[in-house]
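The values are calculated or read from the model by the stated rules, or taken from the named source; none is laboratory data. Since we're looking at a predicted model, the values are computed, not measured. Glycine also receives a Cβ, built like all others from the backbone with ideal geometry; neighbour counts cover every protein chain displayed. In case anyone asks, the SASA skips ligands and DNA or RNA and just uses the protein heavy atoms, side chains included. Shrake-Rupley method; radii C 1.70, N 1.55, O 1.52, S 1.80 Å.
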Amino acid sequence: MNKLLTVLALVFLLSKASLAQTQNIETFKSLGHEDDAIYGMSGASSFYIKISPLTEMNGSKLVLYFEPSQALIKEHSFINIILNDKPVYSARLTKDSIQKVSITLSSGDLSPDKFLKIQVKTLLTITDDICRDLDNPAMWLKVKDYSYLSLINNYKNLINNVNISNCFDSKRAIVYPAEPTLDDLKAVAWAYSRLKKTSNKKIYMFEAGQVPDSIRNYVMVGNYSVLPEDKRFLIKVTPQAGEGLFYLDKSMSTIIDTVTHMVDEKGVMVAHRSVAQETVPAEILFITGGDDHGYEKAITALGNINILNSTFGNYLLINEAQNTFSKNVDENRSKLSLKQVGGTSDFLSGIGSLKNAYTFKNSDFNFTPKEIEIRFIGNYSGLSPGDRGYFNIYLNGLLISSEKLDASGKLNTSVTINRYQHHKYNTLESEFRFFPTNGVCKNSFINFFGEVDVDKSYLESKNPFITSDLSFYQYPETFNTGTTRIVISRNRAKYAAAAVGEIIYELNNNINSNNFPEFAYSDQIPAGDLKKYNIIALLDKDDKLMKEFPDAPIKFDRNFRLYNTDNNKVVYSLSDTTSTGLAQIFYGRSNNATLVLTAIGSRLSDAFLAASKSITEQLSTLSSNVCVTDVNSNKYLFNINKTSHDNLEYTDTKSSLTHFWETYNLYILLGILILILLSFLYVRSRVQRSQELYND
């Protein structure tokens, strides 16, 4: 009997342990990494993956699939895998066309900021002669995008490891009141911005009471008095008048769900799904306050990354909160070091091409730059007589500068680029290229080294890009100077939540985010304020405020058609039957930046969001100031000149007769042509008959 009880107890404990621990498969593709090719005799590729606090690293696995070039001598080619700057695997390549490496992970593989840094380094051979292999284009190895992480979700960590500072990493939804106030929209916007900075996955928006059962992990905003009663019951700390509150509720629930397993089928990992019972965490982060004043304090704290990152408990009462930033010369951001834009000093050694890559955005500067000076400062081993060395600079894949290296070993070079060469988002590459004297190639591999000093190297905006008309190319940095006010139509507030979040994210998506706009309803803002502030307006197309923007390229409250100036064909016509977002950017009467968005159709939330996203993409023109996009990601860009409307026509200024003629003119002309032809045939037949009678 005792043995039977012991067995039953063991089974019970094992079942509880299996429920507490489940596996989560994350492919590289799902994490935003496509097939990644490593080129050259000696190359490397790095991946940075944020790890959830619910993950149990001990026992989790990293499975890498890679495809080597068919031209390689596999026995003389090597792959090395480094985790958190520590080597964990080195081996020769095998003869397989697709090769697999499986590595068991541990907690020591995580960086202090909870990232898993994966580096794949290669040493490849084709001819067994390193001098002949130099720059051979057949030297490559691909890390496949179906490589994956098999992570153990240990939900026991929910109690100890998850807190306010790291709970945003796992949330992908925001819940707000059905009739949101301006404070609610502001809270949604800052929560959205925070979530988007942690992941590039889609963020879902739900009204309170309409959250699907499948969504168990989300942020809920709202004044304490308007939170649903069943949700208020979860909050064990009651905020008093004038107090803001962050409160994280954590619980566990057992569900029936679809589980995905990766199965190796002939060297390719295929997802197999099955139904299973599992225990999952449920987390709700409440952003609330005892009253409107306290709620405002909570929202202000939500916009302060320092407060969020240092809140390691499950709740935070906020008595005082402010976001005040004093600007000095450095914070004006006209000069940025490569370290500020994320660059690291890497010691490079070897032969051939030695590259570093950096990324920067126009919005990293305080204004849209017209010209940018790019200066590289560093050191390298001095060249011996007969050696050939160059330092090359690439911008967005194009070579923009090349300088010979010499015996001095000192690098100090610069190049200035104009507005046609740099984009909204840019990739900058530096390259040491070294070729030794003929005949001593093998001995030169350990002789050359180079390093860029990222603290002293910099990007400097020489002149601001100033035009008579604003364009989307200058968004969002045109709103960096002065105070910005977000204006919303009262009847569109519930549909504008996600779009406002996207705007707040973009205004602060730079290296020194400090743009905290004010919020107002369109029926409460005095007309004079439209000249005092930068304005971002999300409006109903029939909002009376539309008439207060005389400099707008298009009057959105009127029916219009847009033409392709090349062939004069209509490419867009305003129609309430299509869910469409419309955006335009222009200077107001006081030369203040103004952005107006509106939406029409049945899916207003999606249309507003589509418009707010479309204007932040890497646009193909410098002068577009009007964007029309639909919920299916179709987008049209226009440059509407306020003095000449060659590609714009208002259709509501025409008479009924004009509309009738434009609609049916072809049919009318065809009818007239047919009548003329019939008249001609009739007359001709009468003339022929008359001639016949005369002849008789």
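Just a few scattered comments:
- Residues that are modelled with pLDDT under 90 and of a type in the set (S, T, N, Q), drawn from the stretch 439-470: N443, S444, N447, N463, T467, S468
- Where S30 falls short, out of the listed (1) open to solvent by 40 Å² or more (accessible area, probe 1.4 Å); (2) touching a residue at least 60 places away in the same chain (Cβ under 8 Å); (3) in a loop (DSSP other than H, G, I, E, B): (2)
- Answer residue from the stretch 85-124, given it is open to solvent by 80 Å² or more (accessible area, probe 1.4 Å) and part of a loop (DSSP other than H, G, I, E, B) and is nearest to E56 (Cα to Cα) among those: K114
- Some residue of the stretch 155-173 being part of a loop (DSSP other than H, G, I, E, B), buried (at least 22 other Cβ atoms within 10 Å of the Cβ), touching a residue at least 24 places away in the same chain (Cβ under 8 Å) and not aromatic (F, W, Y): no
- Verdict on N665 being outside any loop (DSSP other than H, G, I, E, B), out of contact with any helix residue (DSSP H, G or I) (no Cβ under 9 Å at 6 or more places or on another chain) and at pLDDT below 80: yes
- The stretch 181-202 - residue that is open to solvent by 10 Å² or more (accessible area, probe 1.4 Å), of a type outside the set (S, T, Y) and over 17 Å from the mean Cα position of the chain (by Cα) and, of those, nearest to K61 (Cα to Cα): K186
- The set of residues in the stretch 64-84 that are more than 16 Å from K144 (Cα to Cα) and either in contact with a Lys or Arg (Cβ under 8 Å, 6 or more places away or on another chain) or open to solvent by less than 30 Å² (accessible area, probe 1.4 Å) (or both) comprises L72, K74, E75, H76, S77, F78, I82, L83, N84.
- Which numbered condition F448 fails, given (1) open to solvent by 30 Å² or more (accessible area, probe 1.4 Å); (2) farther than 26 Å from A187 by Cα: (1)
- The conditions of being part of a strand (DSSP E or B), open to solvent by less than 20 Å² (accessible area, probe 1.4 Å) and in contact with a helix residue (DSSP H, G or I) (Cβ under 6 Å, 6 or more places away or on another chain) are met by V219.
- Hey, F435 out of contact with any helix residue (DSSP H, G or I) (no Cβ under 6 Å at 6 or more places or on another chain), at pLDDT below 85 and open to solvent by less than 10 Å² (accessible area, probe 1.4 Å) or not: no
- Qualifying residue in the stretch 477-487 (condition: surrounded by 24 or more Cβ atoms within 10 Å (Cβ to Cβ) and out of contact with any helix residue (DSSP H, G or I) (no Cβ under 8 Å at 6 or more places or on another chain)): yes
- Screening the candidates I535, I525 for the property of being over 22 Å from V175 (Cα atoms), without any contact (Cβ under 8 Å) to a residue 60 or more places away in the chain and crowded, with 17+ Cβ neighbours inside 10 Å yields one hit, I525.
- Look at (1) modelled with pLDDT under 90; (2) open to solvent by less than 10 Å² (accessible area, probe 1.4 Å) and you find that K424 fails only one, number (2).
- Residues in the stretch 364-376 that are open to solvent by 40 Å² or more (accessible area, probe 1.4 Å) and not charged (D, E, K, R): F367 alone.
- So T127, is it part of a loop (DSSP other than H, G, I, E, B), farther than 30 Å from D169 by Cα and among the hydroxyl-bearing types (S, T, Y): yes
- Flag for K410 being farther than 24 Å from T616 by Cα, surrounded by fewer than 20 Cβ atoms within 10 Å (Cβ to Cβ) and charged (D, E, K, R): yes
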